[in-house]
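Novice: First, the structure itself, so that you have it in front of you.
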Amino acid sequence: MQEEINDNLKKISTWKRIFFLLVFAVIVGLVRMLLWAIVFLQVASALFTGEPNKNILSFGKKLSAYLYHILLFLTYNTEKIPFPFSDWNLTEELELPDIKEKK
């Protein structure tokens with residue numbers, strides 16, 4: 001058992017993953033602030049125009065998908081490293097439910 005733990009501690013891939021976990025923990029904080037800004041902008045848009053801003057809707061969906069991708073990586077549910085260490089298209093390929101638009 002002790003030898004197995006020592007082997008795991010010597011793996012470069014383990015330390016690389018820990019490094020990325022720390023980096024993405026910081027990025028999650030920044031993304032959360034941006035998402036709150038989007039929430040407030042959408043509330044303001046709804047108050048002043050009666051409907052959400054379509055451009056902000058798209059950006060909010062992409063940012064939500066990015067946060068989802070990061071959380072999948074942080075919880076070891078995927079080995080695909082999120083943007084900026086990989087292509088943004090990996091984030092856009094994630095299956096998210098479509099947003100229902102008001103008619």
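Values quoted throughout were computed directly from the atomic coordinates according to the rules given, and no laboratory measurement underlies them. All of these numbers come straight from a predicted model, not from anything done at the bench. Counting neighbours? That spans all protein chains shown, and the Cβs are built from the backbone with ideal geometry, glycine included.
Novice: Estimate the FRET efficiency between Thr49 and Phe20 by the formula 1/(1 + (r/R0)^6), using the beta-carbon distance for r and 30 Å for R0, to the nearest 0.05.
Specialist: Once the sixth-power term is evaluated, E becomes 0.15.
Novice: Report relative contact order for segment 2-92 in percent, whole number only (criteria: Cα-Cα under 8 Å, sequence separation at least 6).
Specialist: Details: 44 pairs, mean separation 18.4, N = 91.
So the answer I get is 20 percent.
Novice: Given points 7 Å out from each Cα along the Cα-Cβ axis, report the Lys62 to Lys10 separation in nanometres with one decimal.
Specialist: 4.6
Novice: So, one more: To the nearest 20 Debye, how big is the dipole of the chain about its Cα centre, given +1 on the beta carbon of each Lys and Arg and -1 on that of each Asp and Glu? List each step's numbers first, then the result.
Specialist: Numbers: 12 positive and 11 negative charges, 74 e Å.
Charge dipole, the chain, about its Cα centre: 360 debye, nearest 20.
Novice: Going by how many other beta carbons lie within 10 Å of each one, how would you line up Thr78, Thr91, fewest first? Present the calculation step by step, with values, prior to reporting the outcome.
Specialist: Values: Thr78 15, Thr91 20.
In order of increasing Cβ crowding within 10 Å: Thr78, Thr91.
Novice: Just going by the charge dipole of the chain, with Lys and Arg at +1 and Asp and Glu at -1 on Cβ, which of Ser45, Phe24, Ile56 is farthest out on the positive end?
Specialist: Comparing the listed Cα positions along the dipole, Ser45 ranks first.
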